[in-house]
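*Asks:* If you scroll down you'll find the structure; I have some questions about it.
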Amino acid sequence: MGDYMELAQLADSLFEASDDDDELLAKILDTLDEETRGALLSSDLLNAYQVFYYYFRETPDELTMERLQLHAASDLARGLVIDEVDLYEVIFSMEGGEPVVTLTDGENTLARFSGPEAYAKIALYMEECL
């Protein structure tokens, strides 16, 4: 996908077609070619929640959703804290086009999962190990 204006126009048409329905937006994103979809999922045109939903196809709790909605998808390159449990932080990021969810105590990584099952795996890990 060429320039930013084309991508912005595409994003606008996707939002119009999906009418704020996360599931429908994810299905429409599935129909795009990989390069275009990747450009959108790492841009400022989508928010981090839309990327989260696209990869994990689930709605997190309200606080997590609000945190994600406040950030552009491009912010996921450096990672966003999406949850805090006791002394631990759950961080959602994108690395090499793959979703990554990490559990950290601020200094050490306790668990790290990638791919479409990462969010479910980190939840299970926290349930069993914390």
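A short reminder: the numbers here are calculations on the coordinates, not readings from a lab. Source: prediction; values computed, not measured. Virtual Cβ from ideal backbone geometry, glycine too; neighbours counted across all protein chains shown.
*Asks:* Near the amide H of residue 110, under 5 Å away, which other amide H atoms are found, from residues 5 or more places off or on another chain, if H is placed in the peptide plane?
*Replies:* Excluding prolines and chain starts, which carry no amide H, the hits are 103, 104, 105.
*Asks:* Describe numerically, in nm with one decimal, the distance between label points set 7 Å from Cα along Cα→Cβ at residue 15 and at residue 120.
*Replies:* 3.1 nm
*Asks:* Now for a separate question. Please compute one quarter of the surface area of the Cα convex hull for the stretch 50-97 and express it in square nanometres.
*Replies:* 3.5 nm²
*Asks:* 5 Å is the cut-off here: which amide hydrogens, built 1.01 Å from N in the peptide plane, fall below it relative to residue 43, excluding neighbours closer than 5 in sequence?
*Replies:* 74
*Asks:* A further question follows. With Rg and the Kirkwood Rh both taken from Cα atoms, where does Rg over Rh land for the chain?
*Replies:* Rg/Rh for the chain comes to 0.99.
*Asks:* Taking 30 Å as R0, compute the FRET efficiency from the Cβ-Cβ separation of residue 44 and residue 84 and round it to 0.05.
*Replies:* Using R0 = 30 Å, I get an efficiency of 0.70.
*Asks:* Give me the one-decimal nm value for the distance between modelled label points at residue 36 and residue 62, 7 Å along each residue's Cα-to-Cβ direction.
*Replies:* It is 3.7 nm.
*Asks:* How many angstrom lie between the Cα centre of the stretch 107-130 and the Cα centre of the stretch 81-97?
*Replies:* Computed from Cα coordinates, the inter-centre distance equals 9 Å.
*Asks:* Now, a different point. Distance in nm between label sites at residue 108 and residue 70, each 7 Å beyond Cα in the beta-carbon direction?
*Replies:* Going from the residue 108 label point to the residue 70 one covers 3.0 nm.
*Asks:* Relative contact order of the chain: what whole-number percent is it, with Cα pairs under 8 angstrom and at least 6 residues apart?
*Replies:* 15 percent
*Asks:* May I pose another question? Dipole of the stretch 3-129, Cα-centred, from +1 at each Lys and Arg C-beta and -1 at each Asp and Glu C-beta, to the nearest 20 debye?
*Replies:* Rounded to the nearest 20 debye, it is 320 debye.
*Asks:* For the stretch 36-45, in order, what is each residue's ³J(HN,Hα) by Karplus, 6.51 cos²θ - 1.76 cosθ + 1.60 with θ = phi - 60°, in whole Hz (x at glycine and Pro)?
*Replies:* Result, rounded to whole Hz: 5, 4, x, 4, 5, 5, 10, 9, 8, 7.
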